[in-house]
Amino acid sequence: MTSPLFSQHWHRVAELRLRLRQHTTLHRHEYRGEPWYVLYDNITGQVHRFTPEAYQIIGRLDGQRTLHEIWEQVSHSLGDAMPTQHELVQLIGRLHSANVLAGDGEVDVDELARRQTRQRRSKWLQMLRSPLGIRIPLVDPERFVAASYPLVRPLISPIGGLLWLATVASALLLAAIHWSALTENLADRVLSVGNLLLLVLIYPLIKVIHELGHAWATKDAGGEVHEVGIMLLVFFPVPYVDASAAAACPDKSRRMLVGAAGILVEVFLASLAMFVWVMAEPGILRALTFNVMLIAGVSTLLFNGNPLLRFDAYYVMADYLEIPNLFNRANQQVSYLVKRYLLGRREVTSQAETRRESFWLVSYALASFAYRLVIMVFIAVFVATRYLFVGIILAIWSISMTLLLPLIKMLKTMIADDALEGSRGKAWSWLLITLAGLALFLFMVPAPYATNVHGVVDTAAPNQLRLGASGELRVRHADNGIEVRRGETLMELSAPELGTEVALLKAQRRETLERLTANVGDAGELAILRETLALVERQLEDAEQRVEATRVVSPRDGLLLMPEGEPPLGMYLERGAEVGAVVRPEDLRIRALLPTHRAETVRSDATSVALRLPGSDATLASHLQWVSPRSTFEIPSEILTRDGGGQVALNPQAEQPLTAFRRHYLADFSAEALVDNASMLQLGSRVHVRIEHPSEPLGYRLWRSLRRAFLRLFDV
């Protein structure tokens, strides 16, 4: 027992005869095999969880027994686990604050008014802390939900589940069959002005059905829904219902069904829309069903299906893990760990019953905090790109409530909290050490700094080998990457039809010459024959050149590099096809594209350069040869684009095919080290380039990245 058995305040409450108000109900739950008791307030919708020991006290609050009598009875029944008077006073205070206790005296109207004021203030503070999700209650839908529930009751059953499963499975099969038609030109279809207007009209209607799903599932679980309203999600109105009554349901699977009901309803709607989309002709109906699938099938899973946001999947996961009030308890568990192990406060208690539960709580707290922060910044930036002033105010507001307010509270606690008496110095020491360590790590500790880009094997003096004739590859005298001499035969083609063509042309030339000799007196006939002879001789010369072109020879000394590797024997090659190039080793280079913000760093602070071929772990030394003096949109090879597996995005609106979306600088790196691995080298192939810079602390690089992102985003 960590606290004294008796309390100095006991005399103030010992003779009180208290009972639970009529609008409260107690329910027995099991979490990981352990019994717990849930007190549900039917008016406010609030849920309070208590241990079996606390239930021994709450269950005896009948308005007849005094608190002293109850304490004695509980002490007798619990033995060594008996509560102290201080713990009982704390429990009564908690129930009193929740407004679930009634006594023999008159109703304290002033106290009720103060509680209502505190509740209203709490709601306003919650709205201020969460400006991206403000709730505005409207009406009590309980009568409508109760009246319509019998109509949907058959769907909330095993038969309804089988119907849902069959419908969704069939729709997924249809979606797979028609996938190319569904995703064709998706961005333009979704972001067109007409379609955006249709999305705005459809979205609230789908969300109304979504929330009705929660309401009907709550009714099926034995609860009531007394609040429906509008939530301003990033200032966009979205309907919501308060389904907190489902938390009182003892059945875990039913609570999970309430949480998942909205998603299940929307996925079912998306499946029905898929059937209509397949049968409908192009037009308004097909566009309507496509948008229903987009909202109900895609956006719902991305947002409502994400447990890191306090939407549907969060409640499903909390019930599945059997960790009620997951969000608050996760944050309290992190606070406990800080107070217990950093500040050395032994009187604090953990929110977790087991190590497994502690792991889930801490993991969820950290992941959800990081995700919420990213989402808020993203939304604020998104709004700022269209409404700069509103976006900046929204960003300051959100970050202040998420980061600055908790920091101010922590500092206030460290200064004025009496619980830190005796460990205040340790608390400040930990804070200062943490801040100093973070500052040192970010701004004093050098970290490796490098620029990684993709390059393409290129040559400064190209001497390409193009076929002068078509034919099958019969003999390959030289392999890729070997040194060849000028005039050396590299490969031979087989083209029997060329020999036949030469023989026919020679025969035609002989015949024409004979006719010229025989018609010496006819001037007109002679002119025609002379023209025919000239044509035949030109054709014969071309055919003989093509016969000669079946033997590919090297135009100079150098390395033979083939763009796509060595062609197999028997392969048919078309006339004009590029089969390789003969390059001098000193003309080889690696051409890469540098982002504009890295060009000057590469130009002035490149300490070393390393090359790596795809599929190889070995790195080869290189050095920078040249950086273009001005930026350009030009892309030297398709292999550097994202379509080709590279890093550079193409501009879809550009007239030229290889035009980048953003400016960049061209850079050349030495490829001398690749000559020793020439057998693996292909002209036009990809090379990974890593440019090392002097080490630099992360803080400065992070600041430059944020500043650059801001300038680019707002086109400053």
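All of the numbers you see were taken from the coordinates with simple rules; none came from a lab. This structure is a prediction, so every number in the text was calculated from the model and none was measured. Here Cβ is always computed from backbone atoms with ideal geometry, including for glycine, and neighbour counts include all displayed protein chains.
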| task | Would you mind finding the longest exposed-site-free stretch of the chain, with exposed GluC sites (Glu not before Pro) meaning DSSP loop and at most 11 other Cβ atoms within 10 Å? | result | 185-346
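Arrange the following residues from fewest to most other Cβ atoms within 10 Å of their Cβ: Arg19, Arg630.
Numbers: Arg19 17, Arg630 8.
Least crowded to most crowded, the residues run Arg630, Arg19.
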| task | Report, in deg cm²/dmol and to the nearest 500, the calculated mean residue ellipticity at 222 nm for the chain, where each DSSP H run with n ≥ 4 adds -39500 (n - 2.57) and the sum is divided by the residue count. | result | -15500 deg cm²/dmol
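Which of Arg575, Arg355 has the fewest other C-beta atoms within 10 Å, and how do the rest follow up to the most? Provide the component values of the computation, followed by the final result.
On the way: Arg575 14, Arg355 8.
Fewest-to-most Cβ neighbours within 10 Å comes out as Arg355, Arg575.
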| Between Ser470 and residues 5 or more places away or on another chain, which pairs have amide H atoms under 5 Å apart, with H built 1.01 Å from N, and which residues are they? | Arg575
| task | State the answer as a single residue: which of Thr659, Ala147, Leu698 lies farthest towards the positive end of the charge dipole of the chain, with beta carbon charges of +1 for Lys and Arg and -1 for Asp and Glu, about the Cα centre. | result | Ala147
| said: Can you tell me which lysines have their Cα less than 20 Å from the Cα of Lys252? Leave out same-chain residues fewer than eight positions away. | reply: Lys219
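Mind listing which chymotrypsin sites (Phe, Trp or Tyr not before Pro) in region 666-706 are in a DSSP loop and have 12 or fewer other Cβ atoms within 10 Å? Don't skip to the end; give the middle numbers.
Working: sites: Phe669, Tyr700, Trp703; in loops: none.
Within region 666-706, no chymotrypsin sites (Phe, Trp or Tyr not before Pro) qualify (loop, at most 12 other Cβ atoms within 10 Å).
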| task | Please name whichever of Gln46, His29, Ala14 sits farthest to the positive end of the charge dipole of region 10-105, dipole taken about the Cα centre and charges placed at Cβ: Lys and Arg +1, Asp and Glu -1. | result | Gln46
| task | Would you mind checking the tilt of helix 496-518 against the longest principal axis of the Cα atoms of the chain, expressed as 0 to 90 degrees and rounded to 10? | result | 30 degrees
| Which whole-angstrom value gives the distance between the alpha carbon centres of region 329-357 and region 140-160? | 42 Å
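Dipole magnitude of the chain about its Cα centre, charges +1 at Lys/Arg Cβ and -1 at Asp/Glu Cβ only, in debye to the nearest 20? Walk me through the intermediate numbers first.
Details: 73 positive and 74 negative charges, 560 e Å.
So the magnitude is around 2680 debye.
Going by C-beta contacts inside 10 Å, put Phe359, Phe268, Phe327 in order with the fewest on the left.
Details: Phe359 12, Phe268 21, Phe327 16.
Fewest-to-most Cβ neighbours within 10 Å comes out as Phe359, Phe327, Phe268.
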| What do the square roots of 5 times the Cα gyration tensor eigenvalues come to for the chain, in whole Å, largest first, as semi-axes of the equivalent ellipsoid? | 78, 35, 22
| query | To the nearest 10 degrees, how steeply does helix 67-78 sit against the main Cα axis of the chain, on a 0 to 90 scale? | reply | 60 degrees
| task | Putting +1 on Lys and Arg Cβ atoms and -1 on Asp and Glu Cβ atoms, find which of Ala469, Ala436, Ala518 reaches farthest to the positive end of the dipole of the chain. | result | Ala436
| note | To the nearest 10 degrees, the tilt of helix 109-129 (Cα long axis) against the first principal axis of the alpha carbons of the chain is 10 degrees
